[in-house]
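As structure tokens, the structure follows; a few thoughts come after it.
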Amino acid sequence: MDLLDSSRLQRDLEGLLLSLDSMSSQDVEKSKENQPSSSSMEVCEVIDDDKFKMFELENQMEEKRMILKSLEDLDSLRKRFDAAEQVEDALTGLKVLEFDGNFIRLQLRTYIQKLDGFLGQHKFDHITEPSELIHELLIYLKDKTTEITKFEMFPNDIYIGDIIEAADSFRQVRLHSAVLDTRSSVQWVVAKVQDKIISTTLRKYIVMSSKTIRYTFEYYDKDETIVAHIAGGIDAFLKVSDGWPLLNTPLKLASLKNSDNQSKGISLSLICKVEELANSLDLETRQNLSGFMDAIEKILVEQTREELQSNKSSQK
């Protein structure tokens, strides 16, 4: 908060209060002076005019009180960030780089857990695991209020559109909230963004490391989908469950299709059979990307043979 602005508002309020007191005194005196020499209608006009001026002064005072309260709220929020900066930086990797009445600029140092500690089934021979990532989060505030309007992340290498949408809903609920609620919303945004950075980074590195002669993978963080390109011109679309890979949640085969447009498409009945059998496999198999793909390919081969045999039998 600008101290000059605050002092100026305080002086304005004091001046308005003096003006209001002066007008109240003058109103009484005018009533006394006008009673013997003026008609009752003239007295009423004088009183009504003074009342209108007093009403305007009261409105101005209320408006300035609201502005002053918002500036005080922002100052309180800034002081809380300043007081907690060193502790937060040490514990969570959060550092306040800049604070203004219109925005907060934060540095996020996100620590990535060691993959081997969580994922014993996965092997990471092809890549070096990341240890930490640094981003900047710019949170915009509505002018002279503590209301969060939007936020951006730099570099923009992780999709956070879903968090932005959720934060907007959160903002609508908290539209008339106090400073504590606004601070809670900032903490909520920071926590969600860091969770997304961790999960997306681990997923991308698992996908990169799982590449084999038979499979290559791509991860689309916006859709939370892994596309597995199988040798032979078939693509498998795997939906990632919340919490994967850190939690014991499974992958799900969402669909299959030919990646080569010149090839004959996979029949709908075959796709349905493979999906049903793949998604009914045990939890451990579906948690491991490479193991799940091996199982999917095996099921695809078996079901394709059965379909061919069935077609031959029906043609006889």
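Assorted remarks:
- Considering region 124-148, and only residues there that are of a type outside the set (Asp, Glu), in a loop (DSSP other than H, G, I, E, B) and closer than 23 Å to residue 169 by Cα, the residue that is modelled with the highest pLDDT turns out to be 142.
- The set of residues in region 273-310 being under 15 Å from residue 237 (Cβ atoms) and of a type in the set (D, E, K, R) consists of 275, 286, 297.
- Residue in region 299-316 that is in contact with a helix residue (DSSP H, G or I) (Cβ under 7 Å, 6 or more places away or on another chain), surrounded by fewer than 17 Cβ atoms within 10 Å (Cβ to Cβ) and on the phi < 0 side of the Ramachandran plot present: yes
- Selection within region 270-280 - of a type outside the set (Lys, Arg) and in contact with a helix residue (DSSP H, G or I) (Cβ under 7 Å, 6 or more places away or on another chain): 270, 274, 277, 278
- Only listed residue being modelled with pLDDT of 65 or more, more than 13 Å from the chain's Cα centre (by Cα) and among the β-branched types (Val, Ile, Thr), chosen from 163, 112, 158: 112
- Subset tally (residues that are surrounded by fewer than 14 Cβ atoms within 10 Å (Cβ to Cβ), farther than 20 Å from residue 208 by Cα and modelled with pLDDT of 85 or more) for region 243-256: 0
- Test: residue in region 184-198 that is touching a strand residue (DSSP E or B) at 6+ places or on another chain (Cβ under 6 Å) and more than 30 Å from residue 154 (Cα to Cα): no
The values are calculated or read from the model by the stated rules, or taken from the named source; none is laboratory data. Values in this document were obtained by computation on a predicted structure and should not be read as measured data. Here Cβ is always computed from backbone atoms with ideal geometry, including for glycine, and neighbour counts include all displayed protein chains.
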